[in-house]
Amino acid sequence: MSTRPAGGPGGHDGLDGEVVIVGAGPVGLTLAILLAQRDHAVVVVEQWPSPYPLPRAVHFDHEVGRILQSCGIGDELRAITEPAEVYEWRNAADTTLLRFGRIGAGPSGWPESSMFCQPELEALLARRAGQLPAIEIRRGVEVDGLVQGDGHVVVSGVAPDSAVRARYAVGCDGANSTVRGLAGIETHDLGFFYDWLIVDVVLDEPRVFDPLNLQICDPARPTTVVSGGPGRRRWEFMRLPHESLDELNDEARAWELLAEWDVTPGNARLERHAVYTFQARYAEQWRSGRVLIAGDAAHQMPPFAGQGMCSGIRDAANLAWKLDLVLAGDAPDALLDTYGAERLPSARQAIDFSMALGKVICVPDPAEAAERDAAMAAAVTGDLTEAPDPPGIDTGIVDADSPHAGRLFVQGTVDGRPFDEVHGAGWRLVAVDAGTTALDSAMTDWFGSIGGRVVPLEEPDPTSARWFADHGVRWALQRPDFHLYGTATDAAGAEELLVHLRAQLTVATITTTGTSS
């Protein structure tokens with residue numbers, strides 16, 4: 001949390017807040033909380049008068065778990081999720097084709113995959129937002145206007161007196177984003193379209209599913225069976241070429257398809273059924289003046305890799321610390337230009353990976369499926385295949401000459417507690433076997449002014465000790481979104497990182513850099 005003076009809602013030269021966020025889903029609420037924890041006044045406007053009560057997203061990965069933990073909901077979040085260590089693919093003959101996963105915690109201190117119910121996550125985020133006086137949430141506001149002025153932007157709604165005046169606006173309002181349209185931001189469609197019936201079920205009695213998450217690559221009906229969070233299950237059934245949307249999108253048809261799994265009205269409750277068209281598209285431009293977009297407003301992808309909401313939460317983490325520095329006067333407005341430059345490659349990788357998985361899964365031709373099955377089954381070993389992590393940051397606010405710059409940094413523990421809960425989740429210069437007295441006091445004072453903190457680990461936990469040993473460094477400069485600005489082997493190198501960072505954050509124009517580390 002920032003040590004700068006709190007702003008509080010309103011009172012900013014006639015502004016209603018410093019940032020107006022359109023959309024109170026997981027991405028919008030995460031961004032609002034991260035900004036409010038840095039003492040910035042935020043107004044969130046949401047079209048619907050009450051939160052949507054039915055499940056949508058069901059998965060987040062270890063990095064997103066850490067970001068959500070930084071919102072102050074870590075313990076509560078763990079209580080409403082269940083780890084999914086294995087995601088197995090099988091064919092119609094029950095032959096294993098692929099096994100994704102990781103046993104135990106991921107690098108961020110959270111399971112590689114966690115399954116959850118979105119309304120429960122949104123309730124945690126909304127409750128946390130309610131604890132922060134810098135956040136005002138206005139529900140039942142349908143946005144229909146956006147005007148940019150000198151030093152401000154006005155977002156207006158259909159209802160009278162619903163206009164919000166702020167320094168910046170962020171559209172977190174979904175795939176059909178009104179903000180994106182009003183800002184004139186175009187999307188690029190990759191031409192990936194498949195219709196699937198999504199069915200969410202609450203079972204009357206607990207049942208063991210092994211593996212917890214299963215993909216059935218059966219050309220007669222590609223099917224996904226996964227956890228929907230504790231006590232819930234999700235089935236996804238692909239529409240076959242001869243089926244109409246109306247035929248598939250029917251409650252009776254949902255029960256027919258579930259019967260094969262011994263799921264009936266007698267032992268389960270159908271929470272939701274809906275046909276979705278899986279799509280892949282993205283905006284090449286994520287900023288237009290004082291208007292930015294995030295989440296599904298900026299990118300859409302098929303759900304096969306479970307990265308839709310994850311990508312949006314990553315957007316929020318990246319954008320939050322940049323808005324913080326700009327709003328506080330610690331960096332120029334040009335810093336916000338690095339937001340899309342840093343995030344788009346990661347979103348594109350997630351889209352491409354999701355599409356690649358979909359092209360393997362969505363095969364209705366038996367001969368093509370048989371050829372696929374033979375090739376995949378022959379490659380199966382007893383080991384789990386780890387899904388690729390999103391790419392690091394190769395352009396933006398990273399030290400181009402530093403090893404490991406842009407890669408994700410680990411979260412270890414301190415006396416059994418997560419590192420971030422002890423030392424906070426801002427700029428952190430972490431050191432092992434290295435004293436901090438050699439650092440220039442003026443430079444560390446500047447670092448503190450942007451919320452930075454030097455953290456010497458006198459007795460590193462196993463996760464941290466292993467990371468530093470494996471990477472051959474003694475100092476790691478972590479950004480607030482948990483990516484590394486850079487690393488160093490000694491105090492002189494660490495001080496040089498701070499010098500470079502200060503130069504990047506205070507020059508009139510932000511110069512993007514690249515690294516292949």
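The values are calculated or read from the model by the stated rules, or taken from the named source; none is laboratory data. Note that the structure is a prediction, hence the values are computed from the model and not measured. In this analysis, Cβ positions are derived from the backbone assuming ideal geometry, glycine residues included, and neighbour counts consider all displayed protein chains.
Assorted remarks:
- Here 226, 202 are screened, and the one residue that is farther than 30 Å from residue 376 by Cβ, touching a residue at least 40 places away in the same chain (Cβ under 8 Å), assigned to a strand (DSSP E or B) and not assigned by TED's automatic domain parsing to the domain that holds residue 58 is 202.
- Filtered residue count, the stretch 1-45, keeping only those that are in a loop (DSSP other than H, G, I, E, B), aliphatic (A, V, I, L, M) and modelled with pLDDT of 95 or more: 2
- Of residues in the stretch 73-95 being at pLDDT 95 or above and among the hydroxyl-bearing types (Ser, Thr, Tyr), the one nearest to residue 380 (Cα to Cα): 95
- Residue, surrounded by the most Cβ atoms within 10 Å (Cβ to Cβ), within the stretch 470-492, restricted to residues that are in a helix (DSSP H, G or I) and modelled with pLDDT of 95 or more: 471
- Filtered residues of the stretch 454-469 (kept if over 27 Å from the mean Cα position of the chain (by Cα) and not in a helix (DSSP H, G or I)): 456, 457, 458, 459, 460
- Here residue 114 meets the list (1) free of Cβ contacts under 8 Å to residues at least 60 places away in the same chain; (2) over 19 Å from residue 226 (Cα atoms); (3) in contact with a strand residue (DSSP E or B) (Cβ under 7 Å, 6 or more places away or on another chain) almost entirely, failing just condition (2).
- Condition check for residue 120: in the same structural domain as residue 61 (by TED's automatic domain parsing) and under 26 Å from residue 78 (Cα atoms): yes
To keep it simple, each residue is scored yes or no on (1) surrounded by 16 or more Cβ atoms within 10 Å (Cβ to Cβ); (2) out of contact with any Ser or Thr (no Cβ under 9 Å at 6 or more places or on another chain); (3) within 19 Å of residue 496 (Cβ to Cβ).
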site	(1), (2), (3)
397	yes, no, yes
401	no, no, yes
409	yes, no, yes
413	yes, no, no
417	no, yes, no
424	yes, no, no
429	yes, no, yes
432	yes, no, yes
439	yes, yes, yes
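- Residues in the stretch 172-183 that are polar (S, T, N, Q) and crowded, with 22+ Cβ neighbours inside 10 Å: 177 only.
- Taking every residue in the stretch 363-382 that is farther than 9 Å from residue 219 by Cβ and pairing it with any residue that is part of a loop (DSSP other than H, G, I, E, B) and not hydrophobic (A, V, I, L, M, F, W, C), at least 6 positions away or on another chain, the pairs with Cβ-Cβ distances below 8 Å are 373/95; 377/95.
- Output for the stretch 392-416, where each listed residue is closer than 16 Å to residue 429 by Cβ and without any contact (Cβ under 8 Å) to a residue 12 or more places away in the chain: none
- Qualifying residue in the stretch 171-178 (condition: hydroxyl-bearing (Ser, Thr, Tyr) and under 20 Å from residue 320 (Cβ atoms)): yes
- Residue 137 being of a type outside the set (D, E, K, R), within 24 Å of the chain's Cα centre (by Cα), part of a loop (DSSP other than H, G, I, E, B) and surrounded by 16 or more Cβ atoms within 10 Å (Cβ to Cβ): no
- The residue pairs whose first member lies in the stretch 297-317 and is more than 20 Å from residue 191 (Cα to Cα) and touching a residue at least 60 places away in the same chain (Cβ under 8 Å), whose second member is in a loop (DSSP other than H, G, I, E, B) and small (Gly, Ala, Ser), and whose beta carbons are closer than 7 Å, counting only pairs six or more residues apart or on different chains, are 309/57; 312/294; 315/294; 315/298; 316/294.
- Residue selected from the stretch 61-80 under the condition farther than 14 Å from residue 113 by Cβ and β-branched (Val, Ile, Thr), by the criterion surrounded by the most Cβ atoms within 10 Å (Cβ to Cβ): 67
- Of the candidates 390, 364, the single residue that is at pLDDT below 95, under 14 Å from the mean Cα position of the chain (by Cα) and not β-branched (Val, Ile, Thr) is 390.
- Out of 169, 163, 159, one residue alone is of a type in the set (A, V, I, L, M, F, W, C), crowded, with 20+ Cβ neighbours inside 10 Å and assigned by TED's automatic domain parsing to the domain that holds residue 336. It is 169.
Quick grid of which residues meet (1) touching a residue at least 60 places away in the same chain (Cβ under 8 Å); (2) farther than 22 Å from residue 412 by Cβ; (3) in contact with a strand residue (DSSP E or B) (Cβ under 7 Å, 6 or more places away or on another chain):
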| position | (1), (2), (3) |
| --- | --- |
| 40 | yes, yes, yes |
| 45 | yes, yes, yes |
| 53 | yes, yes, no |
| 58 | yes, yes, yes |
| 71 | no, no, no |
| 78 | no, no, no |
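- Enumeration of residues in the stretch 256-281 that are among the aromatic types (Phe, Trp, Tyr) and buried (at least 17 other Cβ atoms within 10 Å of the Cβ): 278
- When each of 382, 451 is tested for being at positive phi and in a loop (DSSP other than H, G, I, E, B), the lone residue that passes is 451.
- The stretch 282-313: number of residues that are in a strand (DSSP E or B) and either among the charged types (D, E, K, R) or surrounded by fewer than 24 Cβ atoms within 10 Å (Cβ to Cβ) (or both): 5
- Residue selected from the stretch 94-134 under the condition among the small types (Gly, Ala, Ser) and closer than 30 Å to residue 467 by Cβ, by the criterion surrounded by the most Cβ atoms within 10 Å (Cβ to Cβ): 113
- First in the stretch 333-358 and within 17 Å of residue 296 (Cβ to Cβ) and touching a residue at least 60 places away in the same chain (Cβ under 8 Å), second anywhere and of a type in the set (Ser, Thr, Tyr) and in a helix (DSSP H, G or I), Cβ under 9 Å, 6 or more apart: 347/311; 351/311
- Options 27, 58: the member that is under 18 Å from the mean Cα position of the chain (by Cα) and under 28 Å from residue 161 (Cα atoms): 27
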